[in-house]
Amino acid sequence: MSERKFPTAEPASPAASPEVDPADSNIMDREDRLKPKFVAKVLDAVAAGDNETARALVGPLHPADVADLIELARGDERDGLVAALAGIVDADVLAEMNEHVRETLLDEMGPQQLADFAGQLDTDDAVALIEDLEDDEQRAVLRAMEPDDRAAIEQALSFPEESAGRLMQRDLIAVPEHWTVGQVIDYLRSGDELTTDFWEVFVVSPTHRPVGTCKLSTLLRSPRKVRVADIMVDDQTLIPVEMDQEEVALRFQKYALISAAVVDPNGRLVGMITVDDIVHIIQEEAGEDVLLLSGAGDGDINEPIAMTIRTRLTWLVINLGTAILAAAVVGGFEAEISKLAVLAVLMGIISGMGGNAGTQTLAVVVRALATNQLTSSNTVRMVRRELVIALTNGLVLALITGGGTILIYHNVPLGLVMGAAMIINNLVAGLSGILVPLALEKARIDPAVSSAVFVTMATDVMGFFSFLGLASLAGLAG
């Protein structure tokens, strides 16, 4: 980690800031994205050395918008932009920033400065800043932190990646069940060190196990002398500290949660997770599955080019291997194809339609697995359902393609072979589209990563084999 000082000077005060065109205050378009004109004006000011104008323009922005602004700048412009925005690019901006862009900025920070930034954030955001550092850099930053902050982050880092322990915040409000409403309100008013971002108060037993929750609205509308135990909701959703973040997101969706208590293996309250973190997780996981199905990796436009090339090329090489296998099947019928060239024209339709059908089934199954809609209790029913769909689609497509082949080539046997191959390959597509991801899931392999390759291989190989094999048996090339 470089020791070059990251800028932390205070931004210019409003009185000292240059006058900004009122039109520039309308900096967001209807799609909530920074306008190109505004971005260009900020970057031009930085390039001209007019840092005061740049800070005056950027100062009113939300931290998330400042992060977006930095991401929109080219890589060779970012250092100058960040230096010009001294005091504006703070811990909240770093927490909102794309991880690849943030990584380049963290490389410019010394351990003490990064420790100061981390200390200003909630535990989950602080962990996101520190977890990707090298081990020796992590230790240096943790040594520079306040003891309480260090202990909280070290505990979070001890949990598995993408688990509730990494996602949770340690700052929460917990009160004993024998307290009255008045005692809780007085406690909230008197505690300067208490967190300010919460929607409910957790009620705990003497052993610090959560026994219920109480919404702020309920507290504020209840008489002071009422005991918290009498107004709390004891039916609550508890999140185990090692639960995967996808499962956590599913619970928030299923039970419409705003926040939830996180408990350790002994059932003690150790943190909470709030819905704002879950929104990010849902977006991240949904986009990740779509991109993994295509073999495009993270799909992040800020990802280093070399990393993107390596990820995409890996899957392209694997796809090349499956294409060679399909070509080998075609090669086994070279004599038949040479005698009846129309076979070469039509066989691509069979494999292509099978691939499309397999992709449809695969997308549905991967989503069902990700959202826990598909479990061991309804697997057989799901397989039957997809087989019925595949057979019905195959019959319809067989009538269309088989009938079209007869009309165009005036060859009834060829049309029948075309229709039969279409039905067979649609059944293969339906079966592979559901069985492949199920098998990978059982083997603890992410089905979103590898399924597409195997499904495509199955539909290509079986599409060519069924069509050319049936043509050979029917003596079409005789």
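The values are calculated or read from the model by the stated rules, or taken from the named source; none is laboratory data. Everything numeric here is computed off the predicted structure, so don't read it as measured data. Heads up, the Cβs are rebuilt from the backbone with ideal geometry, glycines too, and the neighbour counts pull from every protein chain shown.
When the stretch 119-139 is filtered for residues that are within 25 Å of the chain's Cα centre (by Cα) and closer than 28 Å to residue 74 by Cβ, the ones remaining, listed by number, are 121, 125, 128, 129, 130, 131, 132, 133, 134. Just one of the numbered conditions (1) of a type in the set (Gly, Ala, Ser); (2) surrounded by 21 or more Cβ atoms within 10 Å (Cβ to Cβ); (3) more than 19 Å from residue 348 (Cβ to Cβ) is not true of residue 368: (2). Does residue 129 qualify as being touching a residue at least 12 places away in the same chain (Cβ under 8 Å), in the same structural domain as residue 100 (by TED's automatic domain parsing) and either out of contact with any Leu (no Cβ under 8 Å at 6 or more places or on another chain) or at positive phi (or both)? Spelling it out, it is not the case that residue 129 is touching a residue at least 12 places away in the same chain (Cβ under 8 Å), in the same structural domain as residue 100 (by TED's automatic domain parsing) and either out of contact with any Leu (no Cβ under 8 Å at 6 or more places or on another chain) or at positive phi (or both). Within the stretch 257-282, residues that are buried (at least 17 other Cβ atoms within 10 Å of the Cβ) reach partners that are among the basic types (Lys, Arg) and assigned to a loop (DSSP other than H, G, I, E, B) with beta carbons closer than 9 Å, at six or more positions or on different chains, in the pairs 263/209; 269/209; 270/170; 271/170; 272/170. Of the helices (runs of 4 or more DSSP H) lying entirely inside the stretch 276-378, those containing at least 3 residues that are among the polar types (S, T, N, Q) and at pLDDT below 90 are 305-331. When the stretch 208-236 is filtered for residues that are surrounded by 14 or more Cβ atoms within 10 Å (Cβ to Cβ) and out of contact with any strand residue (DSSP E or B) (no Cβ under 8 Å at 6 or more places or on another chain), the ones remaining, listed by number, are 218, 222. Among the residues making up the stretch 308-363, those that are of a type in the set (Val, Ile, Thr), over 24 Å from residue 419 (Cβ atoms) and touching a helix residue (DSSP H, G or I) at 6+ places or on another chain (Cβ under 8 Å) are 318, 322. Candidates 140, 156, 128: the one that is over 30 Å from residue 267 (Cα atoms) and either in contact with a strand residue (DSSP E or B) (Cβ under 6 Å, 6 or more places away or on another chain) or not in a loop (DSSP other than H, G, I, E, B) (or both) is 140.
For (1) without any contact (Cβ under 8 Å) to a residue 24 or more places away in the chain; (2) more than 30 Å from the chain's Cα centre (by Cα); (3) in a helix (DSSP H, G or I), each residue gets a yes or a no:
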{"site": "407", "(1), (2), (3)": "yes, yes, yes"}
{"site": "413", "(1), (2), (3)": "no, yes, yes"}
{"site": "423", "(1), (2), (3)": "no, yes, yes"}
{"site": "426", "(1), (2), (3)": "no, yes, yes"}
{"site": "430", "(1), (2), (3)": "no, no, yes"}
{"site": "435", "(1), (2), (3)": "no, no, yes"}
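Specify which of the listed residues (384, 367) is under 22 Å from the mean Cα position of the chain (by Cα) and of a type in the set (Lys, Arg).
Values: 384 fails: under 22 Å from the mean Cα position of the chain (by Cα).
Matching residue, one of 384, 367: 367.
Condition first: buried (at least 17 other Cβ atoms within 10 Å of the Cβ), at pLDDT 90 or above, in contact with a Phe, Trp or Tyr (Cβ under 9 Å, 6 or more places away or on another chain) and in a loop (DSSP other than H, G, I, E, B). Can you find one or more residues in the stretch 237-252 that meet it? For the stretch 237-252, residues buried (at least 17 other Cβ atoms within 10 Å of the Cβ), at pLDDT 90 or above, in contact with a Phe, Trp or Tyr (Cβ under 9 Å, 6 or more places away or on another chain) and in a loop (DSSP other than H, G, I, E, B): present. Filter the stretch 95-128 for residues that are in contact with a Phe, Trp or Tyr (Cβ under 8 Å, 6 or more places away or on another chain) and of a type outside the set (Gly, Ala, Ser) and give the result. Scanning the stretch 95-128 gives 105, 108, 109, 113. If you scan the stretch 85-107, which residues turn out to be surrounded by fewer than 19 Cβ atoms within 10 Å (Cβ to Cβ) and assigned to a loop (DSSP other than H, G, I, E, B)? 86, 87, 90, 98, 107, listed by residue number.
If I filter the stretch 224-233 for residues that are within 23 Å of the chain's Cα centre (by Cα) and in a helix (DSSP H, G or I), do I get at least one hit? It would help to see each step written out before you state the result.
We begin by selecting, within the stretch 224-233, every residue within 23 Å of the chain's Cα centre (by Cα); these are none.
No - not one qualifying residue is present in the stretch 224-233.
Return the residue satisfying two criteria in turn: it lies in the stretch 444-463 and is out of contact with any Gly (no Cβ under 9 Å at 6 or more places or on another chain) and either basic (Lys, Arg) or more than 22 Å from residue 311 (Cα to Cα) (or both), and of such residues it is modelled with the highest pLDDT. The extreme case among them is 461.
Every residue in the stretch 176-207 that is in contact (Cβ under 8 Å) with a residue 40 or more places away in the chain, crowded, with 20+ Cβ neighbours inside 10 Å and not in a helix (DSSP H, G or I), please. Correct list: 200, 202. Picking from residues in the stretch 436-467 that are surrounded by fewer than 22 Cβ atoms within 10 Å (Cβ to Cβ), among the aliphatic types (A, V, I, L, M) and in contact with a helix residue (DSSP H, G or I) (Cβ under 6 Å, 6 or more places away or on another chain), the one that is nearest to residue 318 (Cα to Cα) is 453.
Tallying residues that are under 21 Å from the mean Cα position of the chain (by Cα) and of a type in the set (Val, Ile, Thr) within the stretch 69-103 yields 2. Do we have residue 340 as within 22 Å of residue 450 (Cα to Cα) and among the hydrophobic types (A, V, I, L, M, F, W, C) here? Spelling it out, it is not the case that residue 340 is within 22 Å of residue 450 (Cα to Cα) and among the hydrophobic types (A, V, I, L, M, F, W, C). Within the stretch 322-335, restricting attention to residues that are surrounded by 18 or more Cβ atoms within 10 Å (Cβ to Cβ) and of a type outside the set (Val, Ile, Thr), the residue that is farthest from residue 467 (Cα to Cα) is 326.
Looking at 115, 151, just one residue is of a type in the set (A, V, I, L, M, F, W, C), in contact (Cβ under 8 Å) with a residue 24 or more places away in the chain and either farther than 23 Å from residue 274 by Cβ or not in a loop (DSSP other than H, G, I, E, B) (or both), and that residue is 115.
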